[in-house]
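The values are calculated or read from the model by the stated rules, or taken from the named source; none is laboratory data. Predicted, not measured: the structure shown is a model, and the values here were computed from it. Cβ placement follows ideal geometry from the backbone for every residue including glycine, while neighbour counts extend to all protein chains displayed.
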Amino acid sequence: MTDSNPDRYVVQTQDLRKDLQMGQVTVQALRRATLNVRAGEFLSIVGPSGSGKSTLLGLIGGLDTPTAGRVFIDGVDITDLSERALTRIRNEKIGFVFQFFNLIPTLTAQENVALPIQFARNRRFDPTRRAQELLEMLELGDRMHHRPNQLSGGEQQRVAIARALANDPPLLLCDEPTGNLDTISGALVMDALRQVQEDLNRTIVVVTHDMNVAAGADRVISLVDGRILHEVDPRSAAQITAVDVLRAERATGGIQTVRAGGR
Ligand code: ADP
Ligand code: MG
């Protein structure tokens, strides 16, 4: 489950399309989005608000079904699975992290992390011990018995990351995980995700509108108007705007690395 065979894809999408109805108007939220994510990779997908990031992540995570195209998770085609089968894939394969931490306010950090293990009746782990280990790994060992309102935003998000890992999924999908945090707390959350990738050999996909956040990943892909446009050089990602990407695409018509300044 955690091998790093470079030829193995944890996520594959083929020509994904998602049309959304807004009153009389059909919005093409995603257009022919094709993407491969290798086991152990840390990928970010960057794009402005409304570019289709959450739509794409929801399709990869089996939270929604595409209008056309296919999604494979760990080699399994999930496109036409029943809701019941999808739920199982989600529980076994995928951890979700969202912008708002959604911790249960009456439970401690440790109890929040233990909950999905108890809920799944996962006998592989002792819930309390597992929660403790994950929180210690994320440097929250001294916060285990705190409730969410006694934690900073960054700490709450790291608890949410621990919770997403509770049942040991190979894949973490993170939708604007730093969107509700100041810059430093956001950087610490990206560091925590990096640690999860390196120490636990998990595959991480982060979507964000923030180029500075995106640049923290190994590979950066740009999404504009529902289309996956280009690989972006992570070293210069912070300086690249969507306009640069569109300009480069117009100039070359193909997929390539985009440089800041629109060359
Ligand atoms: P992002 O996460 O990049 O901000 P989204 O994936 O949420 O973008 O949205 C992509 C496009 O789809 C936007 O134009 C948005 O207005 C539209 N959209 C999102 N959700 C819905 C919905 N439930 N119904 C209709 N249109 C939607
Ligand atoms: Mg979104």
- Query: Going through the stretch 71-118 one residue at a time, which ones are closer than 23 Å to Ala33 by Cα, exposed (fewer than 15 other Cβ atoms within 10 Å of the Cβ) and in contact (Cβ under 8 Å) with a residue 12 or more places away in the chain?
  - Reply: Gly75, Val76
- Query: Considering the stretch 11-58 alone, what residues qualify as being at positive phi and more than 13 Å from ligand 1 (Cβ to nearest atom)?
  - Reply: Asp15, Arg32, Gly40
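Could you say which residue among Ala192, Ala215, Ala187 is farther than 19 Å from Leu140 by Cα and small (Gly, Ala, Ser)?
Of the residues listed, the single one that is farther than 19 Å from Leu140 by Cα and small (Gly, Ala, Ser) is Ala215.
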- Filter pass, Arg147 being among the charged types (D, E, K, R), over 22 Å from Gly62 (Cβ atoms) and crowded, with 23+ Cβ neighbours inside 10 Å: no
- Message: Just checking, does the stretch 104-113 include any residue being under 18 Å from the mean Cα position of the chain (by Cα) and hydroxyl-bearing (Ser, Thr, Tyr)?
- Response: no
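Quick grid of which residues meet (1) closer than 24 Å to Pro48 by Cα; (2) surrounded by fewer than 23 Cβ atoms within 10 Å (Cβ to Cβ); (3) more than 16 Å from ligand 1 (Cβ to nearest atom):
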position: Asp142; (1), (2), (3): no, yes, yes
position: Leu151; (1), (2), (3): no, yes, yes
position: Gln156; (1), (2), (3): no, no, yes
position: Gly179; (1), (2), (3): yes, yes, no
position: Asp182; (1), (2), (3): yes, yes, yes
position: Leu200; (1), (2), (3): no, yes, yes
position: His209; (1), (2), (3): yes, yes, no
- Message: Show me the helices (runs of 4 or more DSSP H) found entirely inside the stretch 52-164 where at least 2 residues are closer than 30 Å to Leu16 by Cβ, within 16 Å of ligand 2 (Cβ to nearest atom) and of a type in the set (S, T, N, Q).
- Response: 53-60
- Message: Going by what's in this entry, would Asp64 be described as within 16 Å of ligand 1 (Cβ to nearest atom), modelled with pLDDT under 95 and surrounded by fewer than 22 Cβ atoms within 10 Å (Cβ to Cβ)?
- Response: yes
- Answer with yes or no whether Leu135 is in contact with a Lys or Arg (Cβ under 8 Å, 6 or more places away or on another chain), crowded, with 19+ Cβ neighbours inside 10 Å and modelled with pLDDT of 95 or more. yes
- Note on the structure: Over the stretch 29-51, the set of residues within 16 Å of ligand 2 (Cβ to nearest atom) and over 15 Å from Thr178 (Cα atoms) is Ala29, Leu30, Ala33, Gly50, Ser51
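In this structure, is Ser44 closer than 15 Å to Cys174 by Cα and either small (Gly, Ala, Ser) or surrounded by 22 or more Cβ atoms within 10 Å (Cβ to Cβ) (or both)?
yes
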- Output the number of residues of the stretch 52-70 satisfying the condition of being of a type in the set (D, E, K, R) and either in contact with a strand residue (DSSP E or B) (Cβ under 7 Å, 6 or more places away or on another chain) or within 18 Å of Asn36 (Cβ to Cβ) (or both). 2
